[in-house]
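**Q** Here it is, the structure in full.
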């Protein structure tokens, strides 16, 4: 922040976490500078109500600005709901619930009136008193460290955290003069736009690297490593040609035991001395296990579902259907939950890592898409997985392909990790800049 000077004079704010603020700023409770309403407008359609569009939780969580061009859910609302929750210019909407305490009060700003668009359930509608506070300045303030920490501390719950209206209304905000608020908001618009452009550039790089990784895997597990190999038609539209000496084998013939569903047990125990209970939510995007979601099962409940090194878990329904995870001994004793299906490879005919790469290939996802075309619910049973056709080279070639992909994907993954690290630093700087500006640590006038 050395690019910007501090204010010439400061005073003690009287708020411990805020410390000193510019001498001419005031400290105000939110209820004294805006109205706060918790929305109860649900997603249902009722004949006796009027058609509306709803700004819902995900719209706020994933967008800084709520504008008319967003694809918003259509629902109905009563006359009173339309009167109280139609969005107006300068409104701020925040998420008042979250699955974690540290992800609460995410804000979005409404730049202009949105006739027929209402604030939906699980959200708080904050309408600033524009004689005292600028909506854009207040929106930025919600993202600042310290200010946002008030809501994290106040959020309570066990499986889901909620922010009580009392705590929101009585949260405190530093308030400069209106012209100064507008100057701070304009400064942050400019600076965050520059940061966001750099983030977008890194995100495009990640997308290209991931495309390259997918193409690399696809070529290796469906065509092999020999560019001169003789090819044959697999007879399967989503697979195309495969090397002439490869076989096309159903997954059920590559397994030591029939594919098996996991345990239908509640995930209530957190005892590291018991077998870890792996659920689909425990599996991260990079194929590892999240430590912050650890749960375990008693040995007697886990006995029939214990995993062996090389076991592959496949998600069978919902938004994560098709997702895969390979168990390694380094994870410790573990079992798995009912929304996962275990494939235990027959090591005499198949290399587990080759299968893992295959179920991360575009060909595999094309197979899944062909199933979903005929189904209203995305669900892949053990029987369907068992009949998945897998192109299978000789075992020695499988191992060579897996080793090749281990090396090459490691290079791509390192570049992706670097880009993600840059994004993390940019986002951290963005938050720090907003915090410094709206708490008066830097003078941006």
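**Q** Restricting the stretch 179-194 to residues that are farther than 12 Å from residue 64 by Cβ and in contact (Cβ under 8 Å) with a residue 40 or more places away in the chain, which is farthest from the chain's Cα centre (by Cα)?
**A** 180
**Q** When you check residue 166 against the structure, is it closer than 25 Å to residue 292 by Cβ and out of contact with any helix residue (DSSP H, G or I) (no Cβ under 6 Å at 6 or more places or on another chain), yes or no?
**A** For residue 166, the condition - closer than 25 Å to residue 292 by Cβ and out of contact with any helix residue (DSSP H, G or I) (no Cβ under 6 Å at 6 or more places or on another chain) - is not met.
**Q** Output the residues belonging to the stretch 413-435 that are crowded, with 18+ Cβ neighbours inside 10 Å and closer than 27 Å to residue 23 by Cβ.
**A** 433, 434, 435
**Q** Which of the following residues is out of contact with any helix residue (DSSP H, G or I) (no Cβ under 8 Å at 6 or more places or on another chain) and surrounded by 18 or more Cβ atoms within 10 Å (Cβ to Cβ): 392, 380, 359?
**A** Only one candidate passes the filter, namely 359.
**Q** Residues being touching a helix residue (DSSP H, G or I) at 6+ places or on another chain (Cβ under 8 Å) and surrounded by fewer than 19 Cβ atoms within 10 Å (Cβ to Cβ): count how many of those fall in the stretch 98-115.
**A** 2
**Q** Answer with yes or no whether residue 6 is outside the structural domain of residue 89 (by TED's automatic domain parsing) and over 16 Å from residue 126 (Cβ atoms).
**A** Yes; evaluated as a whole, the condition is true for this residue.
**Q** Only one residue in 134, 143 is crowded, with 16+ Cβ neighbours inside 10 Å, under 26 Å from the mean Cα position of the chain (by Cα) and in contact (Cβ under 8 Å) with a residue 12 or more places away in the chain. Which one?
**A** Testing whether each residue is crowded, with 16+ Cβ neighbours inside 10 Å, under 26 Å from the mean Cα position of the chain (by Cα) and in contact (Cβ under 8 Å) with a residue 12 or more places away in the chain leaves just 143.
Matching residues to (1) closer than 24 Å to residue 417 by Cα; (2) touching a residue at least 12 places away in the same chain (Cβ under 8 Å); (3) under 22 Å from the mean Cα position of the chain (by Cα); (4) not assigned by TED's automatic domain parsing to the domain that holds residue 102:
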residue	(1), (2), (3), (4)
289	yes, yes, yes, yes
292	yes, no, yes, yes
301	no, yes, no, yes
307	no, yes, no, yes
314	no, yes, yes, yes
317	no, yes, yes, yes
327	yes, yes, no, yes
330	yes, no, no, yes
336	no, yes, no, yes
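**Q** Kindly indicate whether any position in the stretch 38-61 is touching a residue at least 24 places away in the same chain (Cβ under 8 Å), more than 20 Å from residue 152 (Cα to Cα), outside any loop (DSSP other than H, G, I, E, B) and in contact with a helix residue (DSSP H, G or I) (Cβ under 7 Å, 6 or more places away or on another chain).
**A** yes
**Q** Picking from 126, 132, 104, 93, which residue would you name as being part of a loop (DSSP other than H, G, I, E, B) and closer than 16 Å to residue 34 by Cα?
**A** Of 126, 132, 104, 93, the one residue that is part of a loop (DSSP other than H, G, I, E, B) and closer than 16 Å to residue 34 by Cα is 132.
**Q** Within the stretch 3-15, does at least one residue satisfy the condition of being assigned to a strand (DSSP E or B), within 18 Å of residue 119 (Cβ to Cβ) and either at pLDDT 95 or above or touching a helix residue (DSSP H, G or I) at 6+ places or on another chain (Cβ under 9 Å) (or both)?
**A** No - not one qualifying residue is present in the stretch 3-15.
**Q** Let me ask something else about it. Do we find a residue being within 31 Å of the chain's Cα centre (by Cα), loosely packed, with under 14 Cβ neighbours inside 10 Å, part of a loop (DSSP other than H, G, I, E, B) and at pLDDT below 95 anywhere in the stretch 82-90?
**A** Looking through the stretch 82-90, none of the residues is within 31 Å of the chain's Cα centre (by Cα), loosely packed, with under 14 Cβ neighbours inside 10 Å, part of a loop (DSSP other than H, G, I, E, B) and at pLDDT below 95.
**Q** Then there's this: Consider residue 95 carefully, then state whether it is touching a strand residue (DSSP E or B) at 6+ places or on another chain (Cβ under 7 Å), outside the structural domain of residue 152 (by TED's automatic domain parsing) and within 26 Å of residue 192 (Cα to Cα).
**A** no
**Q** Could you name every one of the helices (runs of 4 or more DSSP H) located completely within the stretch 344-445 that has at least 3 residues being assigned by TED's automatic domain parsing to the domain that holds residue 11 and without any contact (Cβ under 8 Å) to a residue 60 or more places away in the chain?
**A** Output list reads 395-438.
**Q** A further question follows. Quick one: would you say residue 189 is modelled with pLDDT of 95 or more, surrounded by 14 or more Cβ atoms within 10 Å (Cβ to Cβ) and not assigned by TED's automatic domain parsing to the domain that holds residue 112?
**A** Considered against the rule, which asks whether it is modelled with pLDDT of 95 or more, surrounded by 14 or more Cβ atoms within 10 Å (Cβ to Cβ) and not assigned by TED's automatic domain parsing to the domain that holds residue 112, residue 189 comes out as no.
The values are calculated or read from the model by the stated rules, or taken from the named source; none is laboratory data. Because the structure is predicted, anything quoted here is derived from the model rather than measured. Cβ coordinates were reconstructed from backbone atoms using ideal geometry, including for glycine residues, and neighbour counts include every protein chain displayed.
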